[in-house]
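> Pasting a structure here, questions to come.
The values are calculated or read from the model by the stated rules, or taken from the named source; none is laboratory data. The shown structure was predicted, so the numbers you read here are calculated from the model rather than taken from an experiment. Neighbour counts run over all protein chains shown; Cβ positions are idealised from the backbone, glycine included. Accessible surface is based on the protein model in full, side chains and every heavy atom, while ligands, DNA and RNA are left aside. Shrake-Rupley method; radii C 1.70, N 1.55, O 1.52, S 1.80 Å.
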Amino acid sequence: MAAGAQTSVTLVSNTGQTGGSQLSFFDFDAAQPFTTGPNPSGYTLTEVMLNIDVFGTGPSAPQSLVASICSAPASGPADAACFGTLTVPSAPADGLNSYAAGDEGIKLSANTTYLLLLDGGAGLTKYSYLRVSSRQLDSGGAAGWSLADVYHENNNHAPTDDWFTETRHLQLAIHGFPNPPIATQPNPDPSNLARSDVQWDPVGGTHPLPTKLSEISSNKPKQASASLDLSNIGVSVMQELRPHSRGFYLTTQVLRAGARPHLFRLSSDGARYVVAGERMRDFRIAPGSPLLLVKIWHVYHHVGRGTNTVERLGGPWYPRRNHQLSEPVEACLPAPARDAERARIAVRLSGEPSWIVLETVEREGQLCARTVRVDWFIIVLVPAEQAA
């Protein structure tokens with residue numbers, strides 16, 4: 001939607017304050033810092049109004065003046081990255097003049113400091129910008145918005161030259177509007193999948209697996225309707241880590257059982273056996289059953305390093321006895337099309353020789369079982385005499 005379709009308001013202004021000395025743009029460039037408010041979806045800047053004094057004998061056209069919205073790096077305006085250009089008035093007049101941001105406006109993030117950068121090129125002799133020494137702002141601006149009590153000057157018209165700081169403002173008003181809330185998509189996850197947002201701040205940290213946020217692509221398998229209820233997972237975090245928890249997420253992978261033959265043993269007649277404890281049992285894999293790899297990750301803030309780190313819950317890297325969760329979670333897989341009465345969920349940790357067949361219940365076409373061990377899951381068919 002074009003910015004013009006929205007109603008612009010005054011986001012911040014000091015034009016109601018008494019004007020002070022002039023900044024002549026045949027002598028100086030200027031950069032005025034300003035800070036946005038807390039609206040979560042940010043803001044759209046539509047216009048900047050600048051107070052101008054027109055004087056001199058030069059042409060009225062703005063010549064090489066460029067007005068931009070830029071980042072505000074701590075190192076100063078010389079290192080600023082500009083991302084939005086304002087249209088300079090072709091015939092500035094005494095008083096407030098509009099510098100428009102174009103049809104789409106300029107998008108600004110919440111709680112962020114930016115620069116209004118005015119780059120006055122050589123030969124610009126017709127007008128100057130008024131400055132105010134008052135630290136006050138006009139009332140009626142948007143919540144959280146402010147102008148810095150200083151602005152920056154550069155008298156060589158070159159962004160790489162030294163900038164210096166003045167304890168005054170340019171006299172201006174910034175117009176725009178808060179962006180509407182970002183529409184959220186319906187949650188596609190199963191109803192019994194508990195989840196919590198992962199907070200990665202402070203920036204940085206040790207993330208051995210996964211190494212970047214893009215690897216967290218889904219909270220459920222793409223090729224199966226499996227799910228995992230994490231409602232009790234919080235109690236499995238070590239007590240000393242609970243105040244520093246950043247959240248939990250799942251990584252899942254769905255494979256054909258034949259893609260991991262080393263997870264099973266073959267009997268003499270070719271039937272797949274699942275190892276349960278010390279004994280070989282004739283637990284056949286249910287036809288069409290996916291082999292599901294589930295990993296639960298916990299992100300927490302490491303106070304000693306001041307960074308975030310990741311631990312894997314319920315798997316072989318989990319720092320618990322037997323790598324078990326302290327409370328069970330419920331895993332569900334789709335029931336097979338036939339022999340459903342013999343179907344059970346089996347679970348196994350990587351590197352262990354044994355599959356454990358879990359006590360399983362059928363619920364609305366799903367087989368569900370509770371377990372404190374989380375890694376590989378599959379549906380097996382128990383011998384007919386056991387099913388009975």
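> Restricting attention to the range 72-124, which residues are charged (D, E, K, R) and either touching a helix residue (DSSP H, G or I) at 6+ places or on another chain (Cβ under 7 Å) or not in a strand (DSSP E or B) (or both)?
Those that are charged (D, E, K, R) and either touching a helix residue (DSSP H, G or I) at 6+ places or on another chain (Cβ under 7 Å) or not in a strand (DSSP E or B) (or both): Asp79, Asp94, Asp103, Glu104.
> While we're here: Here are His302, His298, His323: which of them is open to solvent by 50 Å² or more (accessible area, probe 1.4 Å) and either modelled with pLDDT of 85 or more or within 27 Å of the chain's Cα centre (by Cα) (or both)?
His302
> Follow-up. Looking at Ala335, Ala369, Ala340 in this structure, which one is out of contact with any helix residue (DSSP H, G or I) (no Cβ under 9 Å at 6 or more places or on another chain), buried (at least 19 other Cβ atoms within 10 Å of the Cβ) and more than 29 Å from Val237 (Cβ to Cβ)?
On the way: Ala369 fails: more than 29 Å from Val237 (Cβ to Cβ); Ala340 fails: buried (at least 19 other Cβ atoms within 10 Å of the Cβ).
Unique residue meeting the criteria: Ala335.
> What tally of residues in the range 36-71 results from selecting those that are in a loop (DSSP other than H, G, I, E, B) and at pLDDT 85 or above?
The initial filter retains those residues of the range 36-71 that are in a loop (DSSP other than H, G, I, E, B), namely 36-42, 55-65.
Those still in the list that are at pLDDT 85 or above too: 36-42.
Qualifying residue count for the region: 7.
> Filter the strands (runs of 3 or more DSSP E) completely within the range 189-286 down to those with at least 1 residues that are modelled with pLDDT of 80 or more and open to solvent by 40 Å² or more (accessible area, probe 1.4 Å). Break it down into steps so the answer makes sense when it comes.
Working: elements: 227-229, 245-256, 272-276, 279-281.
Once the strands (runs of 3 or more DSSP E) in the range 189-286 are filtered for at least 1 residues that are modelled with pLDDT of 80 or more and open to solvent by 40 Å² or more (accessible area, probe 1.4 Å), what remains is 245-256, 272-276.
> Here's something else I'd like to know. Output the number of residues of the range 85-119 satisfying the condition of being in contact with a Lys or Arg (Cβ under 8 Å, 6 or more places away or on another chain) and under 23 Å from Thr165 (Cβ atoms).
Going through the range 85-119 one residue at a time, the tally reaches 0.
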